[in-house]
């Protein structure tokens with residue numbers, strides 16, 4: 001990928017996402033189990049923070065979310081392989097999450113199958129499989145129920 005003319009940098013990939021959580025230990029356990037994340041580091045100052053390594057990216061967990069707080073973001077997406085939708089949905093449930101939408105959606109690598117779910121704090125998360133097609137490739141035919149996929 002090349003930089004935009006005049007830009008001093010070029011984007012590569014999602015580096016990290018910061019989530020405010022109500023229970024730091026519960027969130028750490030959930031993401032460690034769900035994604036086999038490992039603790040990169042823990043900080044007590046200048047802020048309390050747990051950084052989890054997830055592949056090439058980091059998920060930063062910070063305390064501070066209170067019951068009744070509004071959503072602190074729409075969602076974040078983590079690219080995963082292999083992508084077995086039924087196995088992933090079962091794993092999400094076993095870890096205490098709630099699977100939601102399953103569709104072919106567009107992301108950083110092109111279109112690919114995704115599953116959205118809610119973590120125990122209600123944060124919306126997307127797990128995205130390998131690309132099935134690129135942006136300008138033809139869209140798949142409508143499914144038998146008349147729906148189409150894509151975002």
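The table for this structure:
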{"read-out": "The stretch 119-135 residues that are at positive phi and in contact (Cβ under 8 Å) with a residue 40 or more places away in the chain, paired with ones that are part of a loop (DSSP other than H, G, I, E, B) and surrounded by fewer than 18 Cβ atoms within 10 Å (Cβ to Cβ) (beta carbon under 8 Å, 6 or more apart)", "value": "122/71"}
{"read-out": "Residue selected from the stretch 99-119 under the condition modelled with pLDDT under 90 and farther than 20 Å from residue 141 by Cα, by the criterion surrounded by the most Cβ atoms within 10 Å (Cβ to Cβ)", "value": "119"}
{"read-out": "Scan of the stretch 75-95 for residues that are exposed (fewer than 14 other Cβ atoms within 10 Å of the Cβ) and either farther than 27 Å from residue 65 by Cα or at pLDDT 90 or above (or both), ordered by number", "value": "81, 82, 84, 86, 87, 90, 93"}
{"read-out": "Answer residue from the stretch 120-139, given it is buried (at least 19 other Cβ atoms within 10 Å of the Cβ) and in a strand (DSSP E or B) and is farthest from the chain's Cα centre (by Cα) among those", "value": "129"}
{"read-out": "Tally, over the stretch 29-54, of residues that are under 23 Å from residue 94 (Cα atoms), touching a strand residue (DSSP E or B) at 6+ places or on another chain (Cβ under 8 Å) and without any contact (Cβ under 8 Å) to a residue 12 or more places away in the chain", "value": "0"}
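The values are calculated or read from the model by the stated rules, or taken from the named source; none is laboratory data. Keep in mind that this is a model prediction, so the values were computed, not measured. All Cβ positions, even for glycine, are placed from backbone atoms using ideal geometry, and neighbour counts span all protein chains on display.
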